[in-house]
């Protein structure tokens, strides 16, 4: 027997799933220390490079990139950092955050940092469904941390939802401690 109410409920659940936004994974390298973040950005500009724009041509790439950099401000622990796509002379030149929206093929944070450090542009593509978003915190060619998330696809995706996702990813990308660090000078370090 056909039940329209049941079908309607199932379609609503399915539609809700298409706009699901979530953080999928994070990786901290042993080399990362919260001191890196303080050194790189305390009271300074920090460069943010954004590749890919799921809202193009509606929103120009430079405007979208700066909106994503703004979404990071105040979302990390520690001293104030001005995340920007146009850093001034106060920025430490080797330190940057790289964001990829709709990367063509999955790329590791290691590869992203290497490519951007030598001036290569990571390849992005249009996405017809969930939009992968990758953020990497780099010191030159060296990866310090990375986060992968997915911005729900479909017509419900907005710049506001992208900004919210980036805001949520920022404290994961730039944590206040590194649990994989084996620094014996770290007060949390235990040998056994």
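The values are calculated or read from the model by the stated rules, or taken from the named source; none is laboratory data. Computed from a prediction, not measured in an experiment: that's the story for all the values here. Positions of Cβ are backbone-derived with ideal geometry, glycine not excepted, and every protein chain shown enters the neighbour counts.
Regarding residue 109, is this residue at positive phi and modelled with pLDDT under 95?
Details: at positive phi: no; modelled with pLDDT under 95: yes.
The answer is no for residue 109.
Exactly one condition in (1) within 20 Å of residue 122 (Cα to Cα); (2) out of contact with any strand residue (DSSP E or B) (no Cβ under 8 Å at 6 or more places or on another chain); (3) at pLDDT below 90 is not met by residue 63; state its number.
(3)
Report yes if residue 74 is within 15 Å of residue 166 (Cβ to Cβ) and at pLDDT below 90, otherwise no. Write out each step before concluding.
Values: within 15 Å of residue 166 (Cβ to Cβ): yes; at pLDDT below 90: no.
It is false that residue 74 is within 15 Å of residue 166 (Cβ to Cβ) and at pLDDT below 90.
Residues 115, 96: which one is free of Cβ contacts under 8 Å to residues at least 60 places away in the same chain, crowded, with 17+ Cβ neighbours inside 10 Å and touching a helix residue (DSSP H, G or I) at 6+ places or on another chain (Cβ under 8 Å)?
Numbers: 115 fails: touching a helix residue (DSSP H, G or I) at 6+ places or on another chain (Cβ under 8 Å).
Result of the check over 115, 96: 96.
Of the numbered conditions (1) surrounded by fewer than 20 Cβ atoms within 10 Å (Cβ to Cβ); (2) in contact with a helix residue (DSSP H, G or I) (Cβ under 9 Å, 6 or more places away or on another chain), residue 88 fails exactly one; give the number of that condition.
Failed condition: (2).
Kindly establish whether residue 71 is within 17 Å of the chain's Cα centre (by Cα) and crowded, with 18+ Cβ neighbours inside 10 Å.
Details: within 17 Å of the chain's Cα centre (by Cα): yes; crowded, with 18+ Cβ neighbours inside 10 Å: yes.
Answer is yes for this residue.
Quick one: which of 165, 144 is outside any helix (DSSP H, G or I), crowded, with 16+ Cβ neighbours inside 10 Å and in contact with a strand residue (DSSP E or B) (Cβ under 8 Å, 6 or more places away or on another chain)? Spell out the reasoning first.
Details: 165 fails: outside any helix (DSSP H, G or I).
Just a single option satisfies the conditions, and that option is 144.
Hey, can you tell me all the residues within region 101-118 that are assigned to a strand (DSSP E or B) and more than 17 Å from residue 167 (Cβ to Cβ)? Talk me through it step by step, then tell me what you get.
If we filter region 101-118 for residues that are assigned to a strand (DSSP E or B), which is where we start, we get 101, 103.
Listed by number, the list holds a single entry, 103.
Considering only region 48-69, how many residues are closer than 19 Å to residue 171 by Cβ and out of contact with any helix residue (DSSP H, G or I) (no Cβ under 8 Å at 6 or more places or on another chain)? Full working, then the answer.
Just the residues of region 48-69 that are closer than 19 Å to residue 171 by Cβ, to begin with: 48, 50, 67-69.
If we keep only those that are out of contact with any helix residue (DSSP H, G or I) (no Cβ under 8 Å at 6 or more places or on another chain) too, we end up with 69.
Looking only at that region, the number is 1.
For region 119-133, give me each residue that is assigned to a strand (DSSP E or B) and touching a helix residue (DSSP H, G or I) at 6+ places or on another chain (Cβ under 7 Å). Full working, then the answer.
Taking region 119-133 first, the residues assigned to a strand (DSSP E or B) are 124, 131-133.
Correct list: 133 only.
Could you say which residue among 136, 91 is touching a strand residue (DSSP E or B) at 6+ places or on another chain (Cβ under 8 Å), modelled with pLDDT of 95 or more, within 20 Å of residue 62 (Cα to Cα) and part of a loop (DSSP other than H, G, I, E, B)?
Values: 136 fails: part of a loop (DSSP other than H, G, I, E, B).
91 is the lone residue from the list that is touching a strand residue (DSSP E or B) at 6+ places or on another chain (Cβ under 8 Å), modelled with pLDDT of 95 or more, within 20 Å of residue 62 (Cα to Cα) and part of a loop (DSSP other than H, G, I, E, B).
Just to check your reading of the model, which residue among 47, 66 is touching a residue at least 12 places away in the same chain (Cβ under 8 Å), within 22 Å of residue 160 (Cα to Cα) and surrounded by fewer than 18 Cβ atoms within 10 Å (Cβ to Cβ)?
Values: 47 fails: surrounded by fewer than 18 Cβ atoms within 10 Å (Cβ to Cβ).
Criteria check complete, one pass: 66.
Taking the stated definitions as given, is residue 77 closer than 21 Å to residue 169 by Cα and either surrounded by 14 or more Cβ atoms within 10 Å (Cβ to Cβ) or free of Cβ contacts under 8 Å to residues at least 24 places away in the same chain (or both)? Walk me through it before giving the result.
On the way: closer than 21 Å to residue 169 by Cα: yes; either surrounded by 14 or more Cβ atoms within 10 Å (Cβ to Cβ) or free of Cβ contacts under 8 Å to residues at least 24 places away in the same chain (or both): no.
When the stated conditions are applied, residue 77 does not pass them.
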